[in-house]
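Peer 1: Would you mind keeping the following structure in view while I ask a few things?
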Amino acid sequence: MSDRRDPEEELGALRRFPLRSVSATGIDNYAEHALTTVGDVNLLKYALPRLLELTACEALLTDAETVLSKLELGGWRAWPEAERLAILAFLQTWWAKLLESKVRPTEWRALTVLCSVAQTNLSLAWFLHLWERLGSITATHHLAHFVDYLFDAESGTLQIIHFWESRPGQVAQLRIWLERRETLDRLEEGLRTVTEQEDEDLVEVYQRGIAGLRIVLGESLR
């Protein structure tokens, strides 16, 4: 730990204010260093409702993936059932709401949320199944952005890297799910819809995602 950092100072607002009143600024340092250099599991459990709330509304500077990684670090799957179920309910609701939220011009939230789930060391099966089951065009827009963001033209592959590298099992799940003809079919159907709607920005996202996925699936499409 840097001798310029003061763990007690990083607990700051958690010690001075009721949890619901703690601001994103007041909890950000703790979010970054919880369990590694600041506090114990009991403190994490205390702070977790506010941490998750601020993470879901994108108020923290600390990466969502870092915040959610604290759960695995704290051994959350051995916590009492009520606590585990509350966390699972949060993750499922966070994901479901994201998939039905309007996409932004530059959209990477689906990648962030799914990668954050992976940091808890949960299987991605439920989350990918929900994405599969949701037939809304909004969920498909998120998929188009997801594939477009991941495709690396130089290697001709989907580059699932950075925070994902610590979760190879989840990467394998995601890659198997993405690299299917069904994904391409869904994107092509989405492209027809946004073309009819004359949404030029989304048309470009879909076109890039489809072109990239066609390269990834190349052999099976010949």
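Peer 1: Answer yes or no as to whether Glu100 is in the same structural domain as Leu134 (by TED's automatic domain parsing) and either acidic (Asp, Glu) or more than 29 Å from Leu174 (Cα to Cα) (or both).
Peer 2: Numbers: in the same structural domain as Leu134 (by TED's automatic domain parsing): yes; either acidic (Asp, Glu) or more than 29 Å from Leu174 (Cα to Cα) (or both): yes.
Considered against the rule, which asks whether it is in the same structural domain as Leu134 (by TED's automatic domain parsing) and either acidic (Asp, Glu) or more than 29 Å from Leu174 (Cα to Cα) (or both), Glu100 comes out as yes.
Peer 1: Can I ask one more? Hey, Thr106 hits all of (1) under 23 Å from Phe163 (Cα atoms); (2) touching a residue at least 24 places away in the same chain (Cβ under 8 Å) but one; which does it fall short on?
Peer 2: Unmet for Thr106, out of (1) under 23 Å from Phe163 (Cα atoms); (2) touching a residue at least 24 places away in the same chain (Cβ under 8 Å): (2).
Peer 1: Which is in contact (Cβ under 8 Å) with a residue 12 or more places away in the chain and either outside the structural domain of His142 (by TED's automatic domain parsing) or farther than 17 Å from His145 by Cβ (or both), of Arg181, Arg186? Let's see the steps before the verdict.
Peer 2: Details: Arg186 fails: either outside the structural domain of His142 (by TED's automatic domain parsing) or farther than 17 Å from His145 by Cβ (or both).
Going through Arg181, Arg186 in turn, just one is in contact (Cβ under 8 Å) with a residue 12 or more places away in the chain and either outside the structural domain of His142 (by TED's automatic domain parsing) or farther than 17 Å from His145 by Cβ (or both): Arg181.
Peer 1: What helices (runs of 4 or more DSSP H), lying completely within the stretch 180-222, carry at least 1 residues that are under 19 Å from Pro105 (Cβ atoms) and at pLDDT 95 or above? Give the steps one after another, and end with the answer.
Peer 2: On the way: elements: 181-196, 200-216, 218-221.
The qualifying helices (runs of 4 or more DSSP H) are 181-196, 200-216.
Peer 1: Continuing with the same structure: So for the stretch 120-127 (the condition being surrounded by fewer than 18 Cβ atoms within 10 Å (Cβ to Cβ), of a type outside the set (Ser, Thr, Tyr) and without any contact (Cβ under 8 Å) to a residue 24 or more places away in the chain), does at least one residue qualify? I'd like the intermediate steps shown before the answer.
Peer 2: From the stretch 120-127, those surrounded by fewer than 18 Cβ atoms within 10 Å (Cβ to Cβ) are 121, 123, 125-126; that's our starting set.
Still in the running and of a type outside the set (Ser, Thr, Tyr): 121, 125-126.
Add one more test, that the residue is without any contact (Cβ under 8 Å) to a residue 24 or more places away in the chain, and what stays is none.
No, every residue in the stretch 120-127 fails to be surrounded by fewer than 18 Cβ atoms within 10 Å (Cβ to Cβ), of a type outside the set (Ser, Thr, Tyr) and without any contact (Cβ under 8 Å) to a residue 24 or more places away in the chain.
Peer 1: Further question on the same structure: Pairs only if they're at least six apart or on different chains, beta carbon under 7 angstrom, first in the stretch 49-72 and in contact (Cβ under 8 Å) with a residue 24 or more places away in the chain, second assigned to a loop (DSSP other than H, G, I, E, B); list them, first residue then second.
Peer 2: Sorted first by the residue in the stretch 49-72, then by its partner, the pairs are Arg50/Val22; Leu54/Leu60; Val67/Leu60; Leu68/Thr120; Lys70/Leu35; Leu71/Thr120; Glu72/Thr120; Glu72/Asn121.
Peer 1: For the stretch 28-58, name all the residues that are in a loop (DSSP other than H, G, I, E, B) and either over 15 Å from the mean Cα position of the chain (by Cα) or over 19 Å from Phe163 (Cβ atoms) (or both).
Peer 2: As a first pass, look at the stretch 28-58 and keep what is in a loop (DSSP other than H, G, I, E, B): 35-37, 39-40, 57-58.
If the condition is that a residue be in a loop (DSSP other than H, G, I, E, B) and either over 15 Å from the mean Cα position of the chain (by Cα) or over 19 Å from Phe163 (Cβ atoms) (or both), then Leu35, Thr36, Thr37, Gly39, Asp40, Cys57 are the ones that fit.
Peer 1: Quickly run through the stretch 73-89 and pick out the residues that are in contact (Cβ under 8 Å) with a residue 12 or more places away in the chain, under 13 Å from Leu48 (Cβ atoms) and either loosely packed, with under 12 Cβ neighbours inside 10 Å or not aliphatic (A, V, I, L, M) (or both).
Peer 2: Passing the criteria: Gly74, Trp76, Trp79, Glu83.
The values are calculated or read from the model by the stated rules, or taken from the named source; none is laboratory data. Quick caveat, the model's predicted, so the values are computed rather than measured. Note that we place each Cβ from the backbone using ideal geometry, even for glycine, and neighbour counts take in every protein chain shown.
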